[in-house]
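In what follows, a structure is listed as structure tokens, so that the remarks can point back to it.
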Amino acid sequence: MFRQLKRTLVATLIAALATGPITMAFADSADSLPDMGTSAGSTLSIGQEMQMGDYYVRQLRGSAPLINDPLLVQYINGLGMRLVAHADSVKTPFHFYLVNNDEINAFAFFGGNVVLHSALFRYADNESQLASVMAHEISHVTQRHLARAMEDQKRSAPLTWAGALGSILLAMASPQAGMAALTGTLAGTQQGMISFTQQNEQEADRIGIQVLQRAGFDPQAMPTFLEKLLDQSRYSTRPPEILLTHPLPESRLSDARNRANQMRPVVVQSSEAFYMAKARALGMYNSGRNQLTSDQLDAWAKGNVREQRAAQYGRALQAMDAKNYADAAKNLQPLLSADPDNAWFLDLATDIDLGQHKSADAIKRLNAAREVKTNPVLQLNLANALLEGGQPAEAERILNRYTFSNKEDVNGWDLLAQTEAALNHRDQELAARAEGLALVGKLDQAISLLSNASAQVKLGSLQQARYDARIDQLRQMQQRFKPYQKM
Ligand SMILES: [Zn+2]
């Protein structure tokens, strides 16, 4: 029932995009919206789009089952950036998020934010297929489809429309979030949705396949993946969720096929990281059917060298998941010996060591890795091992640097808060917790912790000035976010 409801909402969203303004329950808030410097009916500026993206990303972090796995986050962002580097008209920074959700879906958010469901790893046979979905989403962003849709909304306040859209996108990522509030407020027909979205979809495919090819992936992956989705909807009572947000008539498939056929054929192998990411996404974040099956492991074991290594890694992950540390170590050992600087292997080796209370081994191994100073994943691992190993001062040194250059990683703030607690630095612990809360949109609580931190340090100290300045920043952020909170 939940799914049905969600589908209806998405269809309604698309209908609303095409046919008219969403007023309804959002109407009152529109009246009290501050002037954002946009005349009614004009397109959302990049600045506004970024600001809304910032607001909704915090909501997403706070409400959707985001996968904050440093390795997977690094992988999808690396893949995304490789594509973005070959896109035209890039006006915003891009960020890619992975949600633990077994429905195949992906959607582009305001301000260059792209959300991928973990089920994409189950369905993508190779890296080019995964990249084809991402290239399509990136193209929705660079073509500013969300903002352009607003041009048809001349009579409505852009913010009202965008707020409704933002809420729906959040509801899609996290069915529990705001669903009750939304159902009563949205109404509409599906008329007009086809013609509107088809044009956007065609454009996102057309631009996306160019991006895909320029970035060195196989352009045939786009029609192949679309065909898989279409098959899925033909032979199943329930079509893949992605087709509701990205309608797929047969013509879209044939157009993509024609475009790919006009491009120079290439043979592209998936990177080893793709297989590791797939093994990890399926093995560790298995919501519902999203699992690393023995069929998959057996198939990989018979595949190329990269796939064989993924099978080995997958078995180690499974043993780790079962807390069978000795078995995990045994499976991982050949991989680690062959490639002692590999972050996927080092990360798992650290977990195995810490599971066995052998933090000294983990610290030694990580310190010996060549990339430890430059790879954020290894830095987090090292800080974690140091903390576990009773060396919080060393961990603090790493984490202060880490959080300075990775301000939006909740893992860093969480680990820093634990480290400050271990050091009995109460004010710094509070400040680190405040940053974690701010990232998930809990600004009131963040400000309250910072006020507490400020009260604990010497009056007029530099530290106090820093906390107070941060409180001011968060208050300003609260003001900026006010219009969206009402929606
Ligand atoms: Zn699309």
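The values are calculated or read from the model by the stated rules, or taken from the named source; none is laboratory data. Values in this document were obtained by computation on a predicted structure and should not be read as measured data. With ideal geometry, Cβ positions are generated from the backbone for all residues, glycine too; neighbour counts draw on all protein chains shown.
Could you pull out the residue among LEU248, LEU230 that is assigned to a loop (DSSP other than H, G, I, E, B), within 16 Å of the ligand (Cβ to nearest atom), surrounded by fewer than 23 Cβ atoms within 10 Å (Cβ to Cβ) and not acidic (Asp, Glu)? Please lay out each step first, then the result.
Details: LEU230 fails: assigned to a loop (DSSP other than H, G, I, E, B).
From the options LEU248, LEU230, the qualifying one is LEU248.
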Q. Hey, GLU408 hits all of (1) more than 24 Å from the chain's Cα centre (by Cα); (2) outside any helix (DSSP H, G or I) but one; which does it fall short on?
A. (1)
Q | Subset of segment 336-357 (residues that are among the aliphatic types (A, V, I, L, M) and under 28 Å from the mean Cα position of the chain (by Cα)) | A | ALA343, LEU346, LEU348, ALA349, ILE352, LEU354
Q: Just name the residue that is farthest from ASP351 (Cα to Cα) out of those in segment 383-405 that are under 24 Å from the mean Cα position of the chain (by Cα) and either among the small types (Gly, Ala, Ser) or crowded, with 17+ Cβ neighbours inside 10 Å (or both).
A: SER405
Q: Only residues that are crowded, with 16+ Cβ neighbours inside 10 Å and part of a helix (DSSP H, G or I): list them for segment 439-451, please.
A: LEU439, LEU443, ALA446, ILE447, LEU449, LEU450
(Q) So for segment 194-213 (the condition being modelled with pLDDT of 90 or more and out of contact with any helix residue (DSSP H, G or I) (no Cβ under 8 Å at 6 or more places or on another chain)), does at least one residue qualify? (A) yes
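State which residue is nearest to the chain's Cα centre (by Cα) when the search covers only segment 411-438 and only residues that are among the polar types (S, T, N, Q) and surrounded by fewer than 22 Cβ atoms within 10 Å (Cβ to Cβ). Outline the logic, then answer.
To start, the set of residues in segment 411-438 that are among the polar types (S, T, N, Q) comprises 411, 418-419, 424, 428.
With surrounded by fewer than 22 Cβ atoms within 10 Å (Cβ to Cβ) added as a condition, the list becomes 411, 418, 424.
Values: ASN411: 14, GLN418: 25, ASN424: 34 Å.
Per the stated criteria, the residue is ASN411.
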